[in-house]
Amino acid sequence: MDGALAALYDTSSEGSKSRRRGAGLGGSAPKVARWLGDIRTYFPSSVVQVMQKDAIDRLGLTQLLLEPELLDAVEPDVHLVGTLLSLNRVMPETSKATARMVVEKVVREVEERIAQKTRTAVTGALNRSARITNPKYRDIDWNRTIRANLAHYLPEYKTVVPERLLGYGRRSQAVHRDVVLAIDQSGSMASSVVYASVFGAVLASMRALKTSLIVFDTAVVDLTDKLSDPVDVLFGTQLGGGTDINRAIAYSQSLIDRPTESLFVLISDLYEGGIRAEMLRRMSAMKNVGVQVVVLLALSDDGAPSFDHDNAAALGALGIPAFACTPDRFPELLALALERGDIGRWADSLQTE
């Protein structure tokens, strides 16, 4: 156990020299594979994932992940998937099958974590937004019914006698909302790309939604036709490169033909390499025609993200709050957005938790 820790975290001069001589982890894939086996023996999965990420970041082991032997030894997690996706274009054929299995394992784990919660939240939101009169008892919206009948308050009985009942409807199987997800695939957004792709696939499986998903750097790639399999979506991305948010928004606008029934989710750290003024103008225009616009600086469990504070503030001034959200809270956010709730207030509540 001490040796496994020292190989990664020993920063003494002797340790540094030994790593330069190849005695540490930087020497070869077999050596790293043995170390990965050791840490999986000595430590729980959560610790192994942290140590793997540290090894990749601290010791420059990214290229070794192209070796099938090493991929067989790693503990799959979201950060590892992000690293593999960044290597997608240079990955040899001998490694691609193993890499796909690693990615698929993580995707299935994420799906198990978020799929049912997402479907339940979205279905509830769509049903609640279908208001009807004279509902069945179980479908009565009591808050709205009471507000609508306050004129019929009887002081002597201290009660409201409603003349009209308002309730939640039950949505048919027709498409009732259009959802467009635009995902920044710059390197810093790796975890967000993974989670957003899985969420996109879950939403695409719901008949009541028409879901589109695009990823962008300086170009825009529409991956909507791959949403039946989030693994295919992820292998259609290319992490790294520049960022043209304005171009991505322009393409997204072309996908929206029912503004008041549409939700646009931009997932980006807002470091814009395109035309900033035009980007802000497009976002304002979308909001003004009735699109519900949500900007997420990150969709991950990684904590506070790095982002362009000036652009976030400019969007806030337009009435479009920009904030980070965890995958566990995203279904709740989706439901609120589909009901056209107060996103800003909800985002503020996250900061006080």
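Data overview
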{"item": "From the options ASP229, ASP217, residue that is within 30 Å of ASN127 (Cβ to Cβ) and acidic (Asp, Glu)", "result": "ASP229"}
{"item": "Yes/no for LEU227 being closer than 28 Å to ALA312 by Cα and either at pLDDT below 95 or aliphatic (A, V, I, L, M) (or both)", "result": "no"}
{"item": "Of all residues in region 233-260 being at pLDDT below 95 and of a type in the set (Gly, Ala, Ser), the one that is farthest from PHE307 (Cα to Cα)", "result": "GLY236"}
{"item": "Residue in region 87-98 that is touching a residue at least 24 places away in the same chain (Cβ under 8 Å), buried (at least 17 other Cβ atoms within 10 Å of the Cβ), assigned to a helix (DSSP H, G or I) and of a type outside the set (S, T, N, Q) present", "result": "no"}
{"item": "Long-range neighbours under 7 Å by Cβ, at least six apart or interchain, first residue modelled with pLDDT of 95 or more within region 296-319, second of a type in the set (Asp, Glu)", "result": "LEU297/ASP269; PHE307/ASP269; ASP308/ASP269; ASP308/GLU272; ASN311/GLU272"}
{"item": "Close pairs (9 angstrom Cβ cut-off, 6 or more residues apart or separate chains): more than 11 Å from GLU75 (Cα to Cα) in region 38-56, of a type in the set (Gly, Ala, Ser) and in a helix (DSSP H, G or I) anywhere", "result": "ASP38/GLY3; ASP38/ALA4; ASP38/ALA7; THR41/ALA4; TYR42/ALA4; PHE43/ALA4; ALA55/ALA7"}
{"item": "Total residues in region 199-216, condition in a strand (DSSP E or B) and not β-branched (Val, Ile, Thr)", "result": "5"}
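Residues are listed down the side, and each one gets a yes or a no for (1) closer than 14 Å to PHE264 by Cβ; (2) buried (at least 19 other Cβ atoms within 10 Å of the Cβ):
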position: GLY187; (1), (2): no, no
position: ALA190; (1), (2): no, yes
position: VAL194; (1), (2): no, yes
position: GLY200; (1), (2): yes, yes
position: ALA208; (1), (2): no, no
position: ASP217; (1), (2): no, yes
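The values are calculated or read from the model by the stated rules, or taken from the named source; none is laboratory data. This one's a predicted model, so the numbers in the text were calculated from it and none came from an experiment. Cβ sites come from the backbone with ideal geometry, for glycine too, and all protein chains shown count toward neighbours.
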